[in-house]
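Encoded as structure tokens, the structure appears first; notes follow it.
The values are calculated or read from the model by the stated rules, or taken from the named source; none is laboratory data. It should be emphasised that the depicted structure is a prediction, and the values quoted were computed from it without experimental measurement. Using ideal geometry, Cβ is built from the backbone for each residue, glycine included, and neighbour counts are taken over all protein chains shown.
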Amino acid sequence: MRCWLFFNRDLGPNVPEAHEVFRFQEAAKALDIELHVLKPSEFDLVVDSLGGWSAIYQGRELRKPDLIIPRTGSETSYFTLAVLRHFERQGVAIVNPPAAIEAVADKLHTLQVLAGAGLPIPKTILGKFPVDVGLVEREIGFPVVVKKLRGTRGAGVMLCENRAQFDDLANLLDGAAQGQDFLFQQYIKASHGRDVRVLVVDGKAVAAMERRSTDGGFKSNISLGGAAMPFAPPPAMAELAVKVARELQLDVAGIDILFDKTAYRICEANSSPGFQGLERACDVDVPELVFVAMSRKFGLPLRHSARWERAIDRAAKAVLGPMPRPVNDDAPAMARAPTRRKRKPA
Ligand SMILES: Nc1ncnc2c1ncn2[C@@H]1O[C@H](COP(=O)(O)OP(=O)(O)O)[C@@H](O)[C@H]1O
Ligand SMILES: [Mg+2]
């Protein structure tokens, strides 16, 4: 299998998400996959009606790959989307497809799709300038979560405790944030400082972790110091995550789920989820699962694929295996996953 992985930054130890790229390189080597890490910004796009294969990278023609893995996430620019569409049109399998990446990079678009499918989301208002404080108070109330439309790693998400604070913030935004898009969102109190990340690969929940903030704050992002622990999602949660991925047409997705008093609420979906914390907490090999699932989905050659396919089925079963056990009255059932041994193909 020949594969391209798209990543826009120079690889280095302190570069966010570089770890994931290194892990893909490692897994590709183990599975005998030819993997090239490319910067989408260095392609030249020439679109014509002649047909045939066209890929010009740093001035050279590249051969057609079997699969493209974009790792650009919510920072995917218009240019990168155009590059992805160029190769999608030329018949290359892309995980995830550009339309899905574009939709989930926009948190409101994500919620619009999910609300349309009847799935549970926090009530959310798209900010307008001047900010209508009365509308936010009537529709959502306080505390209220304020988010940038296209944020990541917890930057650009804050909690406004009361009307006075929100008034101040609204004044600040009115003056300083013209041209930026913000969301005002219902604060899911039962989930303060914790949520669950479920990894869905090709329609299966293959791993899950609970994330907890360690500083008392309401954000549980690992990039902000949150702790990760393995988590056995109750079937309803795993099914919800799978539905979210399906509605958003994501073949690989990190679905973040909040605990409400009597139900779950979907926080967001990530098209190229970081998985350093997940691999540590759950003892899974995420790139391996992705390669195997995509080789199966798109009929791509993979050495020993039958053996590795069983590994993905086992991962999905393991994540759903143990029965849920409620830990408090405030939130839906949750349970710890047992420590699992590193899976090896039979
Ligand atoms: N509506 C909400 N209610 C309670 N906590 C929330 C809410 N929205 C986000 N959070 C917390 O903040 C974190 C970051 O928010 P998120 O929308 O996922 O932004 P990012 O894309 O930057 O990770 C979440 O993982 C969750 O812990
Ligand atoms: Mg998040």
(request) Would you point out the residue of segment 261-271, among those that are modelled with pLDDT of 95 or more and more than 11 Å from L199 (Cβ to Cβ), that is farthest from ligand 2 (Cβ to nearest atom)? (result) Y264
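Yes/no per residue for (1) touching a residue at least 60 places away in the same chain (Cβ under 8 Å); (2) under 14 Å from the mean Cα position of the chain (by Cα):
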site: S213; (1), (2): no, no
site: K219; (1), (2): yes, no
site: L224; (1), (2): yes, no
site: A227; (1), (2): no, no
site: I266; (1), (2): yes, yes
site: L278; (1), (2): yes, yes
site: C282; (1), (2): yes, no
(message) Restricting to segment 227-263, count the residues that are within 23 Å of A105 (Cβ to Cβ) and not in a helix (DSSP H, G or I).
(response) 11
(request) Of the conditions (1) more than 16 Å from ligand 2 (Cβ to nearest atom); (2) without any contact (Cβ under 8 Å) to a residue 24 or more places away in the chain, M158 clears all except one; give me its number. (result) (1)
(message) If the requirement is being modelled with pLDDT of 95 or more and over 30 Å from T80 (Cβ atoms), which of these qualifies: H192, H109?
(response) H192
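Out of the residues in segment 6-41 meeting the condition of being outside any loop (DSSP other than H, G, I, E, B) and polar (S, T, N, Q), tell me which one is nearest to M294 (Cα to Cα).
Step one: of segment 6-41, the residues outside any loop (DSSP other than H, G, I, E, B) are 6, 18-30, 34-38, 40-41.
Narrowing further to those that are polar (S, T, N, Q): 25, 41.
Values: Q25: 16, S41: 25 Å.
Across segment 6-41, the extreme among qualifying residues is Q25.
I'd like to verify a number: residues in segment 219-252 that are of a type in the set (S, T, Y) and surrounded by fewer than 21 Cβ atoms within 10 Å (Cβ to Cβ), how many? Spell out the reasoning first.
Going residue by residue through segment 219-252, those that are of a type in the set (S, T, Y) are 220, 223.
Subsequent filtering for residues that are surrounded by fewer than 21 Cβ atoms within 10 Å (Cβ to Cβ) retains 223.
Number of matching residues: 1.
Can we say V37 is under 21 Å from F298 (Cα atoms), in contact with a helix residue (DSSP H, G or I) (Cβ under 7 Å, 6 or more places away or on another chain) and either of a type in the set (V, I, T) or modelled with pLDDT of 95 or more (or both)? Explain how you work it out, then say what you get.
Details: under 21 Å from F298 (Cα atoms): yes; in contact with a helix residue (DSSP H, G or I) (Cβ under 7 Å, 6 or more places away or on another chain): yes; either of a type in the set (V, I, T) or modelled with pLDDT of 95 or more (or both): yes.
The answer is yes for V37.
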(request) Answer with yes or no whether L173 is within 8 Å of ligand 1 (Cβ to nearest atom), closer than 23 Å to D106 by Cα and either more than 22 Å from the chain's Cα centre (by Cα) or surrounded by fewer than 19 Cβ atoms within 10 Å (Cβ to Cβ) (or both). (result) no
(message) Among the residues of segment 278-297, are any out of contact with any strand residue (DSSP E or B) (no Cβ under 9 Å at 6 or more places or on another chain) and among the basic types (K, R)?
(response) yes
(message) Conditions first: (1) surrounded by 23 or more Cβ atoms within 10 Å (Cβ to Cβ); (2) in the same structural domain as M158 (by TED's automatic domain parsing); (3) of a type in the set (D, E). E210 passes all but one, so which condition is the exception?
(response) (2)
(message) Go through segment 198-214 and report how many residues are within 19 Å of G225 (Cα to Cα) and either basic (K, R) or at pLDDT below 95 (or both).
(response) 2
(message) Checking Q25 against (1) at pLDDT below 90; (2) surrounded by 13 or more Cβ atoms within 10 Å (Cβ to Cβ): exactly one of these is not met. Which one?
(response) (1)
(request) Output yes when any residue across segment 200-222 is away from ligand 1 (no atom under 14 Å from the Cβ) and touching a Ser or Thr at 6+ places or on another chain (Cβ under 8 Å), and no when none is. (result) no
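Quick check on G277: is it surrounded by fewer than 22 Cβ atoms within 10 Å (Cβ to Cβ), of a type outside the set (K, R), assigned to a loop (DSSP other than H, G, I, E, B) and within 13 Å of ligand 1 (Cβ to nearest atom)? Please lay out each step first, then the result.
Numbers: surrounded by fewer than 22 Cβ atoms within 10 Å (Cβ to Cβ): yes; of a type outside the set (K, R): yes; assigned to a loop (DSSP other than H, G, I, E, B): no; within 13 Å of ligand 1 (Cβ to nearest atom): yes.
In short, no.
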